[in-house]
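The values are calculated or read from the model by the stated rules, or taken from the named source; none is laboratory data. A quick note: this is a predicted structure, and the numbers were derived from the prediction, not measured. Cβ: placed from backbone, ideal geometry, glycine included. Neighbour counts: every protein chain shown.
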Amino acid sequence: MRFIDTHCHFDFSPLIDETESTLAKAAEAGIEKIIVPAVDIGRFELICQLAADHPALYAALGLHPIAIEDHQEEHLDRLEGWLRQKPKKLVAIGEIGLDLYRDNPQFEKQEQWLDAQLRLAKKYDLPVILHSRRTHDKLALHLRRHDLPRCGVVHAFAGSLQQAQAFIKLGYAIGVGGTITYDRASKTRHTIAELPLDALLLETDAPDMPLHGFQGEPNRPERARLVWEALCDLRPESPEEIADALWNNSQRVFQFSN
C-alpha cells in the first residue's frame with residue numbers, strides 16, 4: 001500500500017526537529033508523499049527548502065485565517081512573488097480559508113484574504129487547500145463566486161453530508177483525517193462513509209489532530225495509514241480499492257511532478 005498525506009505541518013515541532021527519523025517512519029508506513037501547507041509568510045522559505053531537500057515533501061504556500069491578525073497587505077504581494085517563481089515542488093495555495101472558532105475572528109478581513117488568494121490560485125492555475133471551521137456554507141459561497149479551474153480540497157472536513165456534497169458538486173475533494181478514528185464523531189463518520197470514494201483525500205494535519213488512542217501526543221504523518229484503516233472500517237470497498245483511490249485522487253488534485 002502507498003499513501004499521500006495531503007496535509008502535514010512538517011515545519012512545526014516536533015516533526016521539523018526529527019526530520020530524518022520522521023520521514024523514515026512515514027516511509028515504513030507507506031507514506032510516499034507529504035504536502036506541507038504554510039500558515040504565514042514567515043514559513044514560506046522553510047517549507048520550500050524542506051521540499052527541495054527531501055523527495056517525499058511538497059510545498060503549499062498560503063496565509064491561514066487563524067493568523068489573520070498577523071497578515072499584512074504586503075504579504076499578498078510576497079505570496080504572489082513566490083508563486084511567480086514557480087518553486088519546483090509547489091503543488092497548491094494553502095492553507096487558506098475561513099474560521100469562526102476564535103474570539104474576534106476579524107471575519108471581514110478573513111474573507112478579503114480568502115478572495116485575494118483564490119484569485120491568485122486562478123491566475124497561477126493552482127489548487128487550494130482550504131480550512132473551514134463553522135464556515136462551510138460561507139466558504140461555499142466564495143468558491144462558487146471564484147469558480148477555480150483546479151479546485152482543491154476542504155481539509156479536515158467535519159460538516160454535514162449536505163455540506164460535503166455541496167463542496168463536491170463544486171469540484172472540491174474532502175480531506176479525511178483522524179476525526180474518523182473517534183466513535184463519538186458519528187456525524188463525520190457517517191458523512192465520510194456516504195461520500196463518493198473518488199472525492200476523498202487522506203491527511204493527518206500533524207502535529208495537530210491526534211488520532212484516537214494518541215490523545216495528548218503530537219500527531220505524526222505515518223499515522224495517515226491508521227486513518228486509512230479507520231476509513232476501511234467505514235466503507236464497503238476493499239482496502240486495496242480504497243488505498244488506490246486515495247492515491248489517484250491526490251494525484252489528480254495536486255498533479256505532482258514526480
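Which residues, counting only those in segment 80-92, are surrounded by 12 or more Cβ atoms within 10 Å (Cβ to Cβ) and without any contact (Cβ under 8 Å) to a residue 40 or more places away in the chain?
We begin by selecting, within segment 80-92, every residue surrounded by 12 or more Cβ atoms within 10 Å (Cβ to Cβ); these are 80, 82-83, 87-92.
Passing the criteria: TRP82, PRO87.
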ASP5 being charged (D, E, K, R), farther than 21 Å from ASP125 by Cα and in contact with a Leu (Cβ under 9 Å, 6 or more places away or on another chain): yes
Residue match in segment 115-128 (condition: out of contact with any strand residue (DSSP E or B) (no Cβ under 9 Å at 6 or more places or on another chain), at pLDDT 95 or above and in a loop (DSSP other than H, G, I, E, B)): yes
The one condition in (1) of a type outside the set (Lys, Arg); (2) within 15 Å of ILE66 (Cβ to Cβ); (3) modelled with pLDDT of 95 or more; (4) not in a helix (DSSP H, G or I) that GLN110 fails to fulfil: (4)
Residue tally, condition modelled with pLDDT under 95 and either aliphatic (A, V, I, L, M) or at positive phi (or both), over segment 81-103: 1
Residue in segment 37-50 that is of a type in the set (Val, Ile, Thr), modelled with pLDDT of 95 or more and either under 22 Å from PRO221 (Cβ atoms) or surrounded by fewer than 17 Cβ atoms within 10 Å (Cβ to Cβ) (or both) present: yes
Segment 232-258, residues that are more than 18 Å from VAL36 (Cβ to Cβ), touching a residue at least 60 places away in the same chain (Cβ under 8 Å) and in contact with a Cys (Cβ under 8 Å, 6 or more places away or on another chain): PRO239
Within segment 212-230, considering residues that are under 16 Å from the mean Cα position of the chain (by Cα) and in a loop (DSSP other than H, G, I, E, B), the one surrounded by the fewest Cβ atoms within 10 Å (Cβ to Cβ): ASN219
Residue match in segment 16-30 (condition: touching a strand residue (DSSP E or B) at 6+ places or on another chain (Cβ under 6 Å) and surrounded by 20 or more Cβ atoms within 10 Å (Cβ to Cβ)): no
Subset tally (residues that are outside any strand (DSSP E or B), under 16 Å from ILE180 (Cβ atoms) and of a type in the set (A, V, I, L, M, F, W, C)) for segment 134-161: 4
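Return the residue satisfying two criteria in turn: it lies in segment 189-231 and is polar (S, T, N, Q) and either touching a residue at least 40 places away in the same chain (Cβ under 8 Å) or touching a strand residue (DSSP E or B) at 6+ places or on another chain (Cβ under 9 Å) (or both), and of such residues it is nearest to LEU161 (Cα to Cα).
Taking segment 189-231 as the starting set, the residues that turn out to be polar (S, T, N, Q) are 191, 204, 215, 219.
Adding the requirement that they be either touching a residue at least 40 places away in the same chain (Cβ under 8 Å) or touching a strand residue (DSSP E or B) at 6+ places or on another chain (Cβ under 9 Å) (or both) leaves 191, 204, 219.
Details: THR191: 5, THR204: 21, ASN219: 26 Å.
So, considering only residues that are polar (S, T, N, Q) and either touching a residue at least 40 places away in the same chain (Cβ under 8 Å) or touching a strand residue (DSSP E or B) at 6+ places or on another chain (Cβ under 9 Å) (or both), the one nearest to LEU161 (Cα to Cα) is THR191.
If we keep just the residues of segment 102-144 that are of a type in the set (Asp, Glu) and more than 24 Å from ARG78 (Cβ to Cβ), which is farthest from the chain's Cα centre (by Cα)?
Once the filter is applied, the top-ranked residue is ASP103.
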Verdict on GLY175 being in contact with a His (Cβ under 6 Å, 6 or more places away or on another chain) and not in a helix (DSSP H, G or I): yes
Number of positions in segment 22-46 that are over 18 Å from the mean Cα position of the chain (by Cα), assigned to a helix (DSSP H, G or I) and closer than 16 Å to ALA224 by Cα: 6
